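Here is the structure we will look at, set down as structure tokens.
The values are calculated or read from the model by the stated rules, or taken from the named source; none is laboratory data. From a predicted model like this one, the values you see are computed outputs, not experimental measurements. Reconstructed Cβ throughout: ideal geometry from the backbone, glycine too, with neighbour counts over all protein chains shown.
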Amino acid sequence: MSASGGTKAIVAALAANLAIAVAKFVAYLFSGSSSMLAESVHSLADSGNQGLLLLGGKKAQREATPQHPFGYGRERYIYAFLVSIVLFSVGGMFAIYEGYEKIKDPHAIEAWYWPVGVLVFAIIAESFSFRTAIKESNEVRGGLTWTQFVRRAKAPELPVVLLEDLGALVGLVLALAGVGLALGTGNGVWDGIGTLCIGVLLILIAIVLAAETKSLLLGESAGVDDVQKIEAAVVDGDTVTRLIHMRTLHLGPEELLVAAKIAVRHDESATEVANAINAAEERIRAAVPIARVIYLEPDIYSETAASAGENPAKAPGGSAH
């Protein structure tokens, strides 16, 4: 994912949410609708979340230090995880509490045109934000389905904004339904039920975000396509004859660590092996530009050991490496 694409989607969502949060809160003050209060807090939480994503992107750009030799790329994962916590606590739990209070002590909605007008405005504004997120995501998701894109994306910003915008749109529809039923029946309990539904929705989205970003924080390998490209780039058929085994790890959305044991011919000199390793690293970086940290260990491949189910990396004399 391009950083510029993610930033564009975040800024669009931030601008929409700030405007919507103010409008919803004004509507709550005039109407007393708990759905509007829950939605205003939801939009405010989303605005804070977009601020967290921008902050994480900024901090991730810091140079590596002796204490953090692989840099700060994972800052983006940490701040994305914080987004899920904010969405769960500030957005979801507050909405459930407010909905419960409204159901327990219902009251009629006043000045109905305020919540209805603001909700229609918010749906239009969120639709533009959601459209921007979809457009930016389409440029990088390739042939993946939307579910696959959210689950496999190594850069957290676009999936987070997509889920937030989707949740915001569904929440707005729920709020509009709650307000409409409360106005149609004269029973404020429907407003509270709509608020409860918003809270449950936000908690579900927060759980999905937390699960996905937790996986990124723990450390994910390169995608299948990148792994295949690296495997094809390592072997030159001359000095490097085989890839014995390999491990990859995302140090950040756009930085990949590659560690591999490669088989070289037993009669090659140290200079020839070193040159072959350097050439292999160049081929890997050309095939997968985000592979910025590469460690290749040369070894001798033993067909006999491999066929016997033993460690195929054997030095002459039988000692494994």
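Between residues in the range 81-102 that are assigned by TED's automatic domain parsing to the domain that holds Ile193 and in contact (Cβ under 8 Å) with a residue 60 or more places away in the chain and residues that are assigned to a helix (DSSP H, G or I) and among the charged types (D, E, K, R), which pairs lie under 7 Å by C-beta distance while being six or more apart or on different chains?
Matching pairs, first to second residue: Phe81/Lys214; Lys102/Asp191.
Looking only at helices (runs of 4 or more DSSP H) that fall completely inside the range 71-166, which ones have 2 or more residues that are within 24 Å of the chain's Cα centre (by Cα) and of a type in the set (D, E, K, R)?
75-86, 113-138, 146-152
If you go through the range 215-253, how many residues are basic (Lys, Arg) and touching a residue at least 40 places away in the same chain (Cβ under 8 Å)?
Going through the range 215-253 one residue at a time, the tally reaches 2.
Take the range 260-288 and flag every residue that is in contact with a His (Cβ under 9 Å, 6 or more places away or on another chain) and free of Cβ contacts under 8 Å to residues at least 40 places away in the same chain.
Scanning the range 260-288 gives a single hit, Ala260.
Mind telling me which of the residues Gly178, Gly186 ends up being surrounded by 23 or more Cβ atoms within 10 Å (Cβ to Cβ), outside the structural domain of Ile290 (by TED's automatic domain parsing) and farther than 30 Å from Tyr72 by Cβ?
Gly178
Give the range 236-256 a look and list any residue that's touching a helix residue (DSSP H, G or I) at 6+ places or on another chain (Cβ under 8 Å), surrounded by 15 or more Cβ atoms within 10 Å (Cβ to Cβ) and either small (Gly, Ala, Ser) or more than 15 Å from Pro156 (Cα to Cα) (or both), or say none.
Thr239, Val240, Leu243, Met246, Thr248, Gly252, Leu256
Just wondering, is there one or more residues in the range 34-43 that are closer than 21 Å to Gly178 by Cα, among the polar types (S, T, N, Q), assigned by TED's automatic domain parsing to the domain that holds Leu196 and not in a helix (DSSP H, G or I)?
There is no residue in the range 34-43 that is closer than 21 Å to Gly178 by Cα, among the polar types (S, T, N, Q), assigned by TED's automatic domain parsing to the domain that holds Leu196 and not in a helix (DSSP H, G or I).
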